[in-house]
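Here the structure comes first, spelled out in structure tokens, and everything after it is commentary.
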Amino acid sequence: MSARITAPRRRNNAISISPDGDHASQFHHVYHSSTPGRVTPPSAPATPRSTLGSPLSTHATVRRSGTGDLAAGPRRRVSLSDVEVLPWFCCMTPALSLFGLYTTILVSALFCTWMFDLVTAVLTFIVMLWISNLAIASMVGAYNLRQGSMVDWQDLLEQLQNEDPTANDVLHIVLLPNYKENEKMLKETLENLGRSPMARSRTRIILAMEAREGPAGREKAERLIAATQHLFADIFATYHPENLPGEVVGKSSNTQWAYREALRQYGPILLGCDLSRVFVTVGDADTLWHPQYLSALTYLALTMPPEDRAWTIWQPPILLMRNLFTVPAMTRASSHATLIFELAGLANQYFFPAFAYSAYSMTLALASHPEVDGWDVDVIAEDHHMFCKCYFAALWELAHAAITPAKPPSDKDPGIKVEMDRVLPQLEVQPIYLPAVSYLVESSDGYWSSCYARFQQARRHSQGIVELGYVLLQYARLTRFTGFFKLPSRTHIGILTIAVKMHTLHIITTSQVVALITSAIFRIAPQVIRWLFAGGLGLLLSQASVSGVPLLTFLQSQLSDGWSHLSVVQQALTAAVSNISFVVLLYSISAWFVVSDLVEGRYYKHLGIFLPRTEMTPVAEGDESSGGGACNEDEGGSADSAGGTGSPLDDGTPSFVVGTQTVWQRIVLFLHIFSDTSMIGYPSLVTFAVIPTALAGWSLLRRGTQFDYIVAVKPE
């Protein structure tokens, strides 16, 4: 049996657009039919917006797009907001696990020291394995990023188009959800997208605005469109209404609104398209994709089988470095940690899968799959959630396909044949090793305001802890449908690795930090205080004086003797607390490798636009040719008829590129990064991970999935 199973349910290339009440037009798939049809979607059930005290509390009507497979009835909707006991329990599980571990640590520290030592040692062992894997894999990812940036993807795509004219038949739709973003920053993002060789012929941009910005937002969108419309095949703005029932304010609901509006706008173009050749890319308002990202995406997608292409998410490494050297050290340290996590996740998917993050792409075949149906409107962490949703969509499709009539049914013999061994994971996250560079949050009001802004952003990111509950809910419902023991072990392992990765990221790592802090408070600090009051410091100084050796040399010998008398467990704990393990060095090397390549322009050299530049000035945020027919938009020219340069804007480098550094500058840069990682790592982890995660867990217990969307300021 091949690794990838193709389910018998197949999309027809035909699509149709139909009205959806007071919402925008709706996109529907037509199965087993050669004629598009119009369907009115059924009304969706009411769902809760709070789970305080009971799984059956307050309600709100949720409106969803799409009706799914018309032959099988309305599409499945799996949400933690459902008014049932199982979703409520799964929603509470991450918070219960988090505070259960916290309670175990605190109680054992007070009343059972051996248990506290055991729990701390186990947590530290798991975390050391986790971060060691990240450190090693991130070095591979940094190398892959440099190698990927040396490839001329546009040249490869043009060669493919010359060999196969149907490779011209592609379409890119880019969704840019934003709210009160600085106009200059948005213009830079659009102009950067305009540098793509595919921009003017194959790329359509949707500025996903929020209606609650008011007239100022509409005027801003109109100015941006007027200034950049010559760069793209098309660009228009959508305005997501506020206070829609059942929606959570944020990127996901805005993205879904823009996605649906795009389907309505481009319905005539999409009719008859091969949806696996239509690519939907989602990004943030400040994302600067590499100029050849869309070319690389197109080439990589068209060189894989359509079945694989339809179950793939493409992910570039996200580099939060546009203002790396102007933010506080704690914010900078968190940027290094994010870089390590993302690079390692993309480079090593043997143990854990990579997740979609911030800016990513997929085919319209996947986004519009009846088990996916776009982005959910009642979640905060849209990227991780979309990955999980697509992952389970493939399993649900195969699970239904595995139950097939073996012969005409009768009363005595229903004739149902079950082949659950075919229900295997299909979704893959494929790296595109070209950098996508974004801002770190930064306030114009000074150091502490910038730290607070980063803390606010961390609070929003930590709300992704609820995605662990979503994975558990999907898993529970899938196994209830298929039978737990009928699912292949590979499928169980695949789902559990997602859950384990989320649990480790949000719960294990923060619990280990809590354990180390607790150890410092209840074990180390009292001993140090007693030693000081007993005259230990004076005795140490007198011994150094009697020894006749320099004080620093004497202290080093004492520390060495003390270290040799520690057990292996104690040495591991001490290394973790003091951040002196080899992992910190590997972290620093990986981060230095990437930062150095970025500022020196190595990722952009082959574009022929490498010139030294001064440091960027931060900005502010306010409160298709003949070849087969499918998606063929232009006449008499390839998708890249503009040639290898293909853009009127390719005469300059990104503003964060400063040119080749001297050896001394590279050494200083490495020491700078090593200092951030080794000295600021734990304060940053406590401030931007432990505390926000605890707040997110507490919010889960109190309010369920009713999170507040927090907008963090950008640099000014």
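Suppose we filter 160, 171 for residues that are buried (at least 20 other Cβ atoms within 10 Å of the Cβ), under 30 Å from residue 310 (Cβ atoms) and hydrophobic (A, V, I, L, M, F, W, C); which single one remains? Show your work before the answer.
Values: 160 fails: buried (at least 20 other Cβ atoms within 10 Å of the Cβ).
Exactly one of 160, 171 is buried (at least 20 other Cβ atoms within 10 Å of the Cβ), under 30 Å from residue 310 (Cβ atoms) and hydrophobic (A, V, I, L, M, F, W, C), namely 171.
With the checklist (1) buried (at least 24 other Cβ atoms within 10 Å of the Cβ); (2) aliphatic (A, V, I, L, M); (3) part of a loop (DSSP other than H, G, I, E, B) in hand, flag the one item residue 249 doesn't pass.
Only one criterion in (1) buried (at least 24 other Cβ atoms within 10 Å of the Cβ); (2) aliphatic (A, V, I, L, M); (3) part of a loop (DSSP other than H, G, I, E, B) is unmet by residue 249, namely (1).
Cβ-Cβ below 8 Å, separation at least six or inter-chain, first residue in segment 394-409 and polar (S, T, N, Q), second at pLDDT below 85 and open to solvent by 60 Å² or more (accessible area, probe 1.4 Å): which pairs?
404/8; 404/416; 404/417
Against the conditions (1) part of a loop (DSSP other than H, G, I, E, B); (2) of a type in the set (D, E, K, R); (3) open to solvent by 30 Å² or more (accessible area, probe 1.4 Å), where does residue 191 fall short? Just the number, please.
Residue 191 satisfies all of (1) part of a loop (DSSP other than H, G, I, E, B); (2) of a type in the set (D, E, K, R); (3) open to solvent by 30 Å² or more (accessible area, probe 1.4 Å) except (1).
If I go through segment 292-329 residue by residue, how many of them are open to solvent by 30 Å² or more (accessible area, probe 1.4 Å) and over 24 Å from residue 349 (Cα atoms)?
2
Could you list, in sequence order, all residues of segment 515-526 that are surrounded by fewer than 20 Cβ atoms within 10 Å (Cβ to Cβ), within 19 Å of residue 125 (Cβ to Cβ) and among the hydrophobic types (A, V, I, L, M, F, W, C)?
Hits for segment 515-526 are 517, 520.
Is it fair to say residue 437 is under 30 Å from residue 657 (Cα atoms), open to solvent by less than 10 Å² (accessible area, probe 1.4 Å), modelled with pLDDT of 85 or more and part of a loop (DSSP other than H, G, I, E, B)? First the steps, then the outcome.
Working: under 30 Å from residue 657 (Cα atoms): yes; open to solvent by less than 10 Å² (accessible area, probe 1.4 Å): yes; modelled with pLDDT of 85 or more: yes; part of a loop (DSSP other than H, G, I, E, B): no.
The answer is no for residue 437.
If you go through segment 232-247 one residue at a time, do you hit one that is touching a Ser or Thr at 6+ places or on another chain (Cβ under 9 Å) and among the polar types (S, T, N, Q)?
no
For the structure I just gave you, tell me whether residue 250 is modelled with pLDDT under 95, more than 21 Å from the chain's Cα centre (by Cα) and farther than 17 Å from residue 172 by Cβ.
When the stated conditions are applied, residue 250 does not pass them.
Collect the residues in segment 252-299 that are of a type outside the set (Gly, Ala, Ser), assigned to a loop (DSSP other than H, G, I, E, B) and touching a strand residue (DSSP E or B) at 6+ places or on another chain (Cβ under 9 Å), keeping them in residue-number order.
The initial filter retains those residues of segment 252-299 that are of a type outside the set (Gly, Ala, Ser), namely 254-257, 259-261, 263-266, 268-271, 273-275, 277-282, 284, 286-294, 297-299.
This time we only want the ones that are assigned to a loop (DSSP other than H, G, I, E, B), so: 266, 271, 273-274, 284, 286-287, 290-292.
266, 271, 273, 274, 284, 286, 287, 290 - these are the residues of segment 252-299 that are of a type outside the set (Gly, Ala, Ser), assigned to a loop (DSSP other than H, G, I, E, B) and touching a strand residue (DSSP E or B) at 6+ places or on another chain (Cβ under 9 Å).
Being open to solvent by less than 50 Å² (accessible area, probe 1.4 Å) and modelled with pLDDT of 90 or more is the filter; apply it to segment 483-493 and report the residue that is nearest to residue 685 (Cα to Cα).
Among those residues, the one meeting the criterion is 492.
Which residues, taken from segment 290-302, are out of contact with any Lys or Arg (no Cβ under 7 Å at 6 or more places or on another chain) and closer than 17 Å to residue 429 by Cβ?
293, 296, 297, 300
Please state which of the following conditions residue 457 fails to meet, knowing it meets all the rest: (1) at pLDDT 90 or above; (2) among the polar types (S, T, N, Q); (3) open to solvent by 10 Å² or more (accessible area, probe 1.4 Å).
Exception for residue 457: condition (1).
For segment 127-136, give me each residue that is open to solvent by 10 Å² or more (accessible area, probe 1.4 Å) and either of a type in the set (D, E, K, R) or under 18 Å from residue 591 (Cβ atoms) (or both).
130, 131, 132, 133, 134, 136
Can you name every one of the helices (runs of 4 or more DSSP H) wholly within segment 486-543 that holds 3 or more residues which are β-branched (Val, Ile, Thr) and closer than 30 Å to residue 391 by Cβ?
Ranges flagged: 489-503, 509-519.
The values are calculated or read from the model by the stated rules, or taken from the named source; none is laboratory data. This one's a predicted model, so the numbers in the text were calculated from it and none came from an experiment. Backbone-built Cβ (ideal geometry, glycine too); neighbour counts: all protein chains shown. Just the protein is used for accessible areas: all its heavy atoms, side chains included, with ligands, DNA and RNA removed. Shrake-Rupley method; radii C 1.70, N 1.55, O 1.52, S 1.80 Å.
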